[in-house]
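Peer 1: Quick one: structure below, then a few questions.
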Amino acid sequence: METKSKKRVYAFIDSQNVNVSTQKFGWKMDWRKFRRFLKDRYGVTQAYMFIGYVPEYEDMYEFLHDAGYAIVLKPTLDMTRPRDNSEKPENDDKKSVKGNVDAELVLWAMKEIKKYDKAIIISGDGDFYCLVEYLQQQGKLLKVMPPNVHYSSLFKTYEKYIEHLGHYKRELAYKTRQRRNQV
């Protein structure tokens, strides 16, 4: 009997890109369902979630860890504090916390490269173009999964690897439980 070794597939998730993009299109990711989806559909053995650290969200980080993600936290900057003696920033409706995780995602994908056979990059951000290009050249790229149809045009040459998360909205969307009216 021939035994075939199981491929090791890692996912690298830009959580901010996924959150902002799915919500822009009217839905929220159910992170438990998504972790199961990655395992069942692609055999993902390790899923790294990259998030900007905000102390008030400790419970969320614990929830995500319990759902099966390896959480990589990046220190954030509070953008609401004036940098000098000036008043509030002009565009007060913009993000109040900045925690760009791009460098961490690329670094971890490279640090872990010998541990996986294939990688899935979950983001539509063109900042990951060099990583996608390198992984493809090394035969390590399985998928690039932008959250929706709007993603960096830099990925056009990798179209055969693109799989939009929005196509799975029905099975991945978070649904609030509604109580049925009892008569």
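Peer 1: Looking for something touching a helix residue (DSSP H, G or I) at 6+ places or on another chain (Cβ under 9 Å) and open to solvent by 10 Å² or more (accessible area, probe 1.4 Å) - is there at least one such residue anywhere in the stretch 176-183?
Peer 2: no
Peer 1: So is Leu172 at pLDDT 95 or above, open to solvent by less than 30 Å² (accessible area, probe 1.4 Å) and more than 16 Å from the chain's Cα centre (by Cα) or not?
Peer 2: Numbers: at pLDDT 95 or above: yes; open to solvent by less than 30 Å² (accessible area, probe 1.4 Å): yes; more than 16 Å from the chain's Cα centre (by Cα): no.
Against the criterion (at pLDDT 95 or above, open to solvent by less than 30 Å² (accessible area, probe 1.4 Å) and more than 16 Å from the chain's Cα centre (by Cα)), Leu172 does not qualify.
Peer 1: Provide a single number: the residues in the stretch 91-123 that are small (Gly, Ala, Ser), outside any strand (DSSP E or B) and at pLDDT 95 or above. Step through it out loud before you land on a result.
Peer 2: Restricting attention to the stretch 91-123, the residues satisfying the condition of being small (Gly, Ala, Ser) are 96, 99, 103, 109, 119, 123.
The next check asks that each one be outside any strand (DSSP E or B); those that pass are 96, 99, 103, 109, 123.
Applying the additional criterion that residues be at pLDDT 95 or above yields 109, 123.
Selection size over the stretch 91-123: 2.
Peer 1: Turning to a different aspect of this structure: For the condition aromatic (Phe, Trp, Tyr) and open to solvent by less than 20 Å² (accessible area, probe 1.4 Å), what is the one hit in Tyr10, Tyr48?
Peer 2: Tyr48
Peer 1: Further question on the same structure: Going through the stretch 117-169 one residue at a time, which ones are acidic (Asp, Glu) and surrounded by fewer than 20 Cβ atoms within 10 Å (Cβ to Cβ)?
Peer 2: Once the filter is applied, which keeps residues that are acidic (Asp, Glu) and surrounded by fewer than 20 Cβ atoms within 10 Å (Cβ to Cβ), the stretch 117-169 yields Asp117, Asp127, Glu133, Glu159, Glu163.
Peer 1: Please give the helices (runs of 4 or more DSSP H) falling wholly within the stretch 1-73 in which 3 or more residues are under 20 Å from Leu105 (Cα atoms) and modelled with pLDDT of 95 or more.
Peer 2: Per the criteria, 31-42, 58-66.
The values are calculated or read from the model by the stated rules, or taken from the named source; none is laboratory data. What you are looking at is a predicted structure, and each value in this text was computed from that prediction instead of being measured. FYI the Cβ positions are ideal-geometry reconstructions off the backbone, even for glycines, and counts take in every protein chain you see. Heavy atoms of the whole protein, side chains included, go into the accessibility calculation; ligands, DNA and RNA do not. Shrake-Rupley method; radii C 1.70, N 1.55, O 1.52, S 1.80 Å.
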